Amino acid sequence: MALLRAEHVTHYFGGLCAVSDFNLDLEQGELVGIIGPNGAGKTTVFNLITGVYKASEGSIQLNGQELVGRKPNAITQMGIARTFQNIRLFKDLTVMDNVRIAYYNGLKYSPWESLLHIGRYRAQEELYTNKALDLLEFFKLDQFADELAKNLPYGSQRRLEIARALATGPKLLLLDEPAAGMNPREIEQLMEFILWIRKEFSLTILLIEHQMRLVMGICERLKVLDFGATIAEGLPAEIRANPKVLEAYLGEGGDQ
Amino acid sequence: MTYFFQQSLNALQLGSIYALIALGYTMVYGILTMINFAHGDLFMVGAFFTFIAAVLLGLPFVPTLLVSMIGVALLGVLIERVAYRPLRNAPRVSAVITALGVGLFLENFTLVFYPYPQHIPQLIQNTTWNIAGVSISSLQIIIILLSVGMMIMLDLIVRKTMVGMAMRAISWDKAIIPLMGVPLNLIVSATFALGTGLGAAAGTMYALAFPVIDPYMGILIGWKAFISAVVGGIGNIRGAMIGGFILGTVEIMVAAFLPSTYRDFVAFALLLVLLIFRPYGILGKPRPQKV
Amino acid sequence: MIMDNTPSSTSTPVSKGHALLERWKMRWDRIANNRKIFPIVLAVGFILSILVPKFGLVNEYVQLVIIYIGINIILTTSLNLINGYMGEFSVGHAGFMAVGAYVSAIFTTKLLPENLEAIYFPLVVLAGGIGAALIGLLVSVPSFKTRGDYLAIVTLAFNMIVKSVIENIEVIGGPRGIPGIAKLTTLPWTFFWTVLAILVIRNFVYSNYGRGVQAIREDEIASDLMGVNTNRVKLLAFTLSSFFAGVAGALFAHVLQFISPKVFDIIKSTDVLIMVYLGGIGSITGSILGATVYTVLLEVLRPFGMWRMVLMPLMLVLLMIFRPRGIMGLREFRWLIPGFDLYALKYWRAKKEVSHGTPAS
């Protein structure tokens, strides 16, 4: 059975059709890319999967459980985490707190225990804090643990966002333009990094990207969106040769 | 039925005062996304300028109105220059708290000079006509016509003039529009001048309609005008006018047909109900948040 | 070389004033960072709160001011939870206060026999807090959908509605209020409730629920997507905040000895707002300082008569212009931070060293 299955997902903003008849079957462990020109509805697909928007029509299922109609935090709890196109860290909180917040789901103490710092509070706090710090170490961010997130350099902020997403314990990770603002060398590193976290955390990854180099380099399958409609899908090599895709891009961004 | 018409007339009078004050809130919000909590107190200062002009200087109605409007407009521009402009890039609440501080300052400063409520003399020859049992006073007619006239004029300024166009442009995007050569500071000053000037006009008219004024009169009326602005959709000029008339009508009608102590309760409960069904007011639109 | 005409501290002889400033800054840091201060302050405060009224160490007036400082600290800390940590703009705190004040005053003036009120006073205050908390629960519901300015209006309307409802209930005195409330708020009780409020709110802030509250301030959508149950967290924050506002209201009623709807109008809410932003948002230290500085200044400036109320807002405006985040915005004295949270990183590093056998760096 597919990990994530989207069937006939359609979404309207007012009268505008942002996504029409989107279908997707993601198998456990796959790495799939969504590409398409600006405004093609790629991020909207992410917002529909994660519950930020409620799909107008269609169904999205994770392990056979319906997602449409659930709140974002409930969907995160079921095992989907994401990053954002424009970094959305908790800027005025420390790097450590950014990650700790993402452990909210596994919280095993009640509000009462939190008010008086009694019962399971102490042990749980230590557990999550150490888990968070281990995760930060894994991402080579532990030396910044006490810094405010906004003070990190850009690349580290991107990494922190991924670390924070992983702290929620996802099965499926959605990356929204992870290579935005990176130079070719950094993109090379990012590609390795993505493959590495997929292995380490046994993830399934769905990513949106404009950088053809990255998409063609690591994605096993691609979907191409244009004006909300899926215009092509298949192996990277097939997509590269597809005339419809070239037309949609009009040469723009294509890695000829 | 005559009772109803009589009350409707009162509602129009109160509503037009609320609407004039609400305009000031909405204009400043539209351009700076800042709630100018001192605005209710500028309305109060308008009433006191009226007192000064009419009693101490002995001026007739029209010059009094002008003194109050121009005086408060200058004060509004000064407040923006001195207190709000340094905070334009600070956290938004800092500006709001500053505005609260400015409001308190205005109240207490006035209180130092006028610790007791003051009486405003009758500036307009008040004749009352009786039409089919409804008594209409010349004062009511003047207040309603003058307010509506000012609102139409403001609407024209915002829609037809270069200054108005600049205001609308800046409320659309504060960062980019100044790069296109629109003088941001000048336009903000103009907005404050217009908004507070209208608030002062409301102060003058209120003082004529309810001729006892005190330094704290601006608080409750200010909040209510603010609510009018929200009801209409804050940032929306026509919305503020509609909101003002709605709140005026609701208050007068509740007071007319229910025990008058229910007035505030019903007004605010209605506001809550409205916000549940139209969370962004009658003419307001949600600002879409990009994810 | 870049021309630089501004005098730097190295090129000019250190002035006397500058040295003094440096010394004060050092002292300030020492107070801010010394964790031993906390238990000492608690113990000394508690003992003093009992001894002072017993032996009349300071006069009645000073005692009264201290009680008001305590009440204001409770109000400020609890409002800071919503306005500072959660980043909303609640302007109706006096509404919750009113509920607490009225519930407790009804108990002591109407329900309890006169000789028992003093014994039951802590329970009465608790009842005031619970009453306010229930209302807070109700007010949190609109916050699920509404944010920012619109939520501000909801809290404002709530404040007005509470006032208006009380005015219309004759049994509790309507607009005339409840006179003749016994003066049950003592210095030790004020101290107890103030410390309780500070500790409980601090504990909440330094838990993952509290971090969820702060995440909402930073980015509500992102926090929702990181699994924070935003509705639940908002409900907790509003309930907790209103509980302590109710407690403060109860204490207030039993020191003022007379309450009326007018006492709890929007002006009272504005007072609390000013203390919150004066002290600084998202800081419990700030709330304590803000409440204390504001209350004391009002008393110190009393000789200025009416001008005092002109000076206060002027100072607030100046503070906002030169320090828009208040005295302590988003910062905390180290001794107010729970130890294991403060040293979490240190503990973790120490553990790493032990398990790896070699120091990390």
- Query: Within region B:85-107, which residues are at the interface with chain C (Cβ under 7 Å from one of its Cβ atoms) and farther than 19 Å from B:Thr196 by Cα?
  - Reply: B:Pro86, B:Leu87, B:Ala90, B:Pro91, B:Val93, B:Ser94
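Of these, B:Lys224, B:Lys285, which one is farther than 20 Å from B:Asp155 by Cβ and of a type in the set (Lys, Arg)?
Just a single option satisfies the conditions, and that option is B:Lys224.
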- Message: Testing A:Gln189 on (1) within 16 Å of the chain's Cα centre (by Cα); (2) open to solvent by 70 Å² or more (accessible area, probe 1.4 Å); (3) among the polar types (S, T, N, Q), one condition comes back false. Which one is that?
- Response: (1)
- Message: Take the residues in region B:101-133 that are in contact with a strand residue (DSSP E or B) (Cβ under 8 Å, 6 or more places away or on another chain) and in contact (Cβ under 8 Å) with a residue 40 or more places away in the chain; name whichever of them is most open to solvent (accessible area, probe 1.4 Å).
- Response: B:His119
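With a cut-off of at least 1 residues that are among the hydroxyl-bearing types (Ser, Thr, Tyr) and more than 9 Å from chain B (Cβ to nearest Cβ), name the helices (runs of 4 or more DSSP H) lying wholly within region C:298-361.
C:344-356
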- Among helices (runs of 4 or more DSSP H) completely within region C:129-228, the ones holding 3 or more residues that are over 18 Å from the mean Cα position of the chain (by Cα) and modelled with pLDDT of 95 or more are C:208-218, C:220-225
- Task: Determine, yes or no, whether A:Ala81 is more than 9 Å from chain C (Cβ to nearest Cβ), among the hydrophobic types (A, V, I, L, M, F, W, C) and surrounded by 23 or more Cβ atoms within 10 Å (Cβ to Cβ).
- Result: no
- For region A:116-134, name all the residues that are surrounded by 20 or more Cβ atoms within 10 Å (Cβ to Cβ) and either more than 7 Å from chain C (Cβ to nearest Cβ) or closer than 23 Å to C:Val200 by Cβ (or both). A:His117, A:Tyr121, A:Glu125, A:Tyr128, A:Thr129, A:Ala132
- Close pairs (6 angstrom Cβ cut-off, 6 or more residues apart or separate chains): within 12 Å of A:Leu214 (Cβ to Cβ) in region A:168-186, surrounded by fewer than 18 Cβ atoms within 10 Å (Cβ to Cβ) anywhere: A:Glu177/A:Gln85; A:Ala179/A:Ile187
- Message: Looking at the structure I just gave you, is C:Thr194 surrounded by 20 or more Cβ atoms within 10 Å (Cβ to Cβ) and away from chain A (no Cβ under 14 Å)?
- Response: yes
- Which pairs do you get when a residue that is open to solvent by 50 Å² or more (accessible area, probe 1.4 Å), found in region B:136-149, comes within reach of a residue that is of a type outside the set (A, V, I, L, M), reach meaning Cβ atoms under 7 angstrom, with the pair 6+ apart or on two chains? B:Val148/B:Ser16
- Note on the structure: A:Lys54 fails exactly one of (1) surrounded by 14 or more Cβ atoms within 10 Å (Cβ to Cβ); (2) in contact with a helix residue (DSSP H, G or I) (Cβ under 9 Å, 6 or more places away or on another chain), namely (1)
- Of the residues in region B:175-207, how many are open to solvent by less than 20 Å² (accessible area, probe 1.4 Å) and not β-branched (Val, Ile, Thr)? 11
- Message: Taking the criterion of being touching a helix residue (DSSP H, G or I) at 6+ places or on another chain (Cβ under 6 Å), assigned to a helix (DSSP H, G or I) and modelled with pLDDT under 95, would at least one residue in region B:36-49 satisfy it?
- Response: no
- Query: How many of the residues in region C:118-157 are closer than 24 Å to C:Pro188 by Cα and open to solvent by 60 Å² or more (accessible area, probe 1.4 Å)?
  - Reply: 6
- Residues located in region B:1-33, provided they are touching a residue at least 12 places away in the same chain (Cβ under 8 Å) and not in a helix (DSSP H, G or I): B:Thr33
- Query: Considering B:Thr50, B:Thr98, B:Thr33, which residue is among the hydroxyl-bearing types (Ser, Thr, Tyr) and either open to solvent by 40 Å² or more (accessible area, probe 1.4 Å) or farther than 23 Å from B:Ile170 by Cβ (or both)?
  - Reply: B:Thr50
- Note on the structure: If we keep only residues of region B:263-284 that are more than 9 Å from chain C (Cβ to nearest Cβ) and in a helix (DSSP H, G or I), then the residue most open to solvent (accessible area, probe 1.4 Å) is B:Phe277
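The values are calculated or read from the model by the stated rules, or taken from the named source; none is laboratory data. Computed from a prediction, not measured in an experiment: that's the story for all the values here. In this analysis, Cβ positions are derived from the backbone assuming ideal geometry, glycine residues included, and neighbour counts consider all displayed protein chains. The area values use the complete protein model at the heavy-atom level, side chains included, leaving out ligands, DNA and RNA. Shrake-Rupley method; radii C 1.70, N 1.55, O 1.52, S 1.80 Å.
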